[in-house]
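What follows is calculated from the coordinates using simple rules that are stated; it is not laboratory data. Keep in mind it's a predicted model, so treat the numbers as computed, not measured. As a convention, Cβ positions derive from the backbone with ideal geometry for all residues, glycine included, and neighbour counts pool all protein chains shown.
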Amino acid sequence: MTAIKICGLTTPETLNAALEAGADFVGAVVFPKSPRHMAPDQAAKLFEQARGRAKIVAVTVDADDALLDQIARTLRPDFIQLHGSETPARAERVRAVTGAGVIKALPIRHGDDFAGADEWDYHADHLMFDAKPPEGSVLPGGVGHSFDWTLLADRAFRHPWFLAGGLDPDNVGEALMISGAPMVDVSSGVESAPGVKDAGRIAAFIQTARRT
């Protein structure tokens, strides 16, 4: 069964919609430049309702040790998602500081962008293949862009991996069939406006992914 992550949740209503629909992972974005940003203490209050029902993921971008320590103490996530220019050595430090698992997002546009994936596969619990953002974007993800899913069709990795980037309720079924992804991640594709999640789109996304 495909594992599903709904990322960038910011309200009790939409978090509950994700949980009720059966999301396996729910994500809090801790990155001030994102329209989905939440401070660690705010995220901790919101995501407590998810504990034991879904894996809690804190999405970070080149976070320093002080921020990681705060996230670990308040939100207590199951996973830290690294969505910046972190190195494998940094990932091991993140794991040591937080005690959480590691998800590493790798930006993809062409086949050459998979060059570091094999090394990362030994340092992360899950890889996430996300569309490389357009030039000049201040956000490393969550911008609604996709990449050629056939680039993943014949690749194998040590751990289950996420497909991300430009997914929505209308295309997730096709994306899964083409890529063979065991896990999917969505953020902007289940929103009515940047940073505003839509409960109906969340449910539709999960239902479609489950049927595929």
Quiz item: Given charges of +1 on the Cβ of Lys and Arg and -1 on the Cβ of Asp and Glu, with all other atoms neutral, how large is the dipole of the chain about its Cα centre, in debye to the nearest 20?
Solution: 540
Self-check item: Value in Å of the Kirkwood radius, where segment 60-100 supplies the Cα pairs that are averaged
Solution: 10.0
Self-check item: Residue with peak Gaussian network fluctuation, the chain [Cα springs, cutoff 10 Å], from Ile80, Ile178, Ile202
Solution: Ile178
Quiz prompt | Over the chain, equivalent-ellipsoid semi-axes from the Cα gyration tensor in Å | solution = 23, 21, 16
Quiz item: Mind checking the alpha-carbon convex hull of segment 60-173 and giving the volume per residue in Å³?
Solution: 117
Quiz item: Plugging the Kirkwood radius over Cα pairs into Stokes-Einstein for segment 6-128, at a temperature of 25 °C and a viscosity of 0.890 mPa s, what D comes out in µm²/s?
Solution: 168
Self-check item: Average Cα contact separation per residue, the chain, under 8 Å, 6 or more apart, as relative contact order %
Solution: 20
Quiz item: Rounded to the nearest 500 deg cm²/dmol, what is the calculated helix-only ellipticity per residue at 222 nm for the chain, with -39500 (n - 2.57) per DSSP H run of length n ≥ 4?
Solution: -8500 deg cm²/dmol
Exercise. Take every Cα pair under 8 Å in segment 94-212 that's 6+ residues apart, average their separations, divide by the length, and report that relative contact order as a whole percent.
Key: 20
Exercise. List the relative contact order of segment 1-100 as a percent without decimals, with contacts defined as Cα pairs under 8 Å and 6+ residues apart.
Key: 23
Quiz item: Quick one: Karplus J couplings for segment 58-64, per residue in order, coefficients 6.51, -1.76, 1.60, θ = phi - 60°, nearest Hz, x for Gly and Pro?
Solution: 9, 8, 10, 10, 6, 5, 7
Quiz prompt | Estimated inter-spin distance, Arg211 and Asp148, nm [label 7 Å along Cα→Cβ] | solution = 3.0
